[in-house]
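Student: One structure, as structure tokens, below. Some questions next.
The values are calculated or read from the model by the stated rules, or taken from the named source; none is laboratory data. Here the structure is a predicted model, which means the values were calculated and not measured. Glycine also receives a Cβ, built like all others from the backbone with ideal geometry; neighbour counts cover every protein chain displayed. Surface areas here come from the heavy atoms of the whole protein model, side chains and all, with no ligands, DNA or RNA. Shrake-Rupley method; radii C 1.70, N 1.55, O 1.52, S 1.80 Å.
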Amino acid sequence: MPAEFVALVGPSGCGKTTTLNIAAGLDRAFEGSVEFGNGAPVLGYVFQNPRLLPWRTVRQNVALVLPKALRGGPLVDEWLAAMDLTAVADQYPTRLSVGMARRVALARAFVVQPDLLLMDEPFVSLDEPTARRLRSLLAATLERRPATVLFVTHNLREAIQLADRILVMAPGPTRVVAEVPVAVPRGMRDDAMVEAFRAELLARPEAAFRVLA
């Protein structure tokens, strides 16, 4: 659905990242087809590693994904401001904290005005307070600038905090074995709600939910 946030969860090796790469057109070694509905969407991609070019400034890294005619326009500065990066716009990535580098990656993904945002464990390896701030930043950004999101995570709590729908994946062969809607409005998902929902999923008797433990 348009502007839906879908999280893919499951054990390592079950094909979550491969699914994103197929959707992005980066992996063509598969059988079948990918259908987007109303033509090919504009894609933004946030990788596990921020993948910033160390010889380019923050501003240049964000601008690089735009057509040359737009690189000097207001879009880059707008998204740097949205991610609270204006003060480091002329710094190089080696001078940034890990959290800042992740925000640069978010700005680079949003600056193209994506219809579909692919996110591959974008907050992995962050300490929990930083990851929590970035999840809140992502949620607030999507309120202002909606996009459909396909989000890979090993963190079931993170999936519950962010997603409208959770797809549980299992390996051998890769497949979706369960689909879980999260009906509680995102703004009402406090720690107690997340923990209760997680416990409910882990307690379900269906075999599909054993891969979440």
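Student: Among the listed residues Ala140, Ala159, Ala131, which satisfies the condition of being free of Cβ contacts under 8 Å to residues at least 24 places away in the same chain, among the small types (Gly, Ala, Ser) and in a helix (DSSP H, G or I)?
Tutor: Values: Ala159 fails: free of Cβ contacts under 8 Å to residues at least 24 places away in the same chain; Ala131 fails: free of Cβ contacts under 8 Å to residues at least 24 places away in the same chain.
That would be Ala140, the only listed residue that is free of Cβ contacts under 8 Å to residues at least 24 places away in the same chain, among the small types (Gly, Ala, Ser) and in a helix (DSSP H, G or I).
Student: When Gln91 is evaluated against the numbered criteria (1) without any contact (Cβ under 8 Å) to a residue 40 or more places away in the chain; (2) outside any loop (DSSP other than H, G, I, E, B); (3) surrounded by 15 or more Cβ atoms within 10 Å (Cβ to Cβ), which criterion, by number, is the only one it fails?
Tutor: (2)
Student: Thr86 fails exactly one of the following numbered conditions: (1) open to solvent by 50 Å² or more (accessible area, probe 1.4 Å); (2) modelled with pLDDT of 95 or more; (3) touching a strand residue (DSSP E or B) at 6+ places or on another chain (Cβ under 8 Å). What is the number of that condition?
Tutor: Every condition holds for Thr86 apart from (3).
Student: Could you please find all residues in the range 97-128 being without any contact (Cβ under 8 Å) to a residue 40 or more places away in the chain and among the aromatic types (Phe, Trp, Tyr)?
Tutor: Within the range 97-128, just Phe123 meets the criteria.
Student: Hey, could you check the range 99-118 for residues that are part of a loop (DSSP other than H, G, I, E, B) and among the β-branched types (Val, Ile, Thr) and say which is least open to solvent (accessible area, probe 1.4 Å)?
Tutor: Taking the range 99-118 first, the residues part of a loop (DSSP other than H, G, I, E, B) are 111-115.
Those still in the list that are among the β-branched types (Val, Ile, Thr) too: 111-112.
Values: Val111: 1, Val112: 37 Å².
Out of the qualifying residues, it is Val111.
Student: Return the residues of the range 173-192 that are open to solvent by 30 Å² or more (accessible area, probe 1.4 Å), in contact (Cβ under 8 Å) with a residue 24 or more places away in the chain and not polar (S, T, N, Q); say none if nothing qualifies. Break it down into steps so the answer makes sense when it comes.
Tutor: Here is the first cut: in the range 173-192, the ones open to solvent by 30 Å² or more (accessible area, probe 1.4 Å) are 173-177, 179, 181, 183-188, 190-192.
Filter again for in contact (Cβ under 8 Å) with a residue 24 or more places away in the chain, leaving 174, 177, 186.
Listed by number, the residues that qualify are Val177, Arg186.
Yes/no per residue for (1) in a helix (DSSP H, G or I); (2) open to solvent by 70 Å² or more (accessible area, probe 1.4 Å); (3) of a type in the set (A, V, I, L, M):
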{"position": "Thr19", "(1), (2), (3)": "yes, no, no"}
{"position": "Ser33", "(1), (2), (3)": "no, yes, no"}
{"position": "Asn49", "(1), (2), (3)": "no, yes, no"}
{"position": "Asn61", "(1), (2), (3)": "yes, no, no"}
{"position": "Ala69", "(1), (2), (3)": "yes, yes, yes"}
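Student: Also, I was wondering about something else. Would it be correct to say that Thr174 is hydroxyl-bearing (Ser, Thr, Tyr) and at pLDDT 95 or above?
Tutor: Values: hydroxyl-bearing (Ser, Thr, Tyr): yes; at pLDDT 95 or above: no.
Criteria not met by Thr174.
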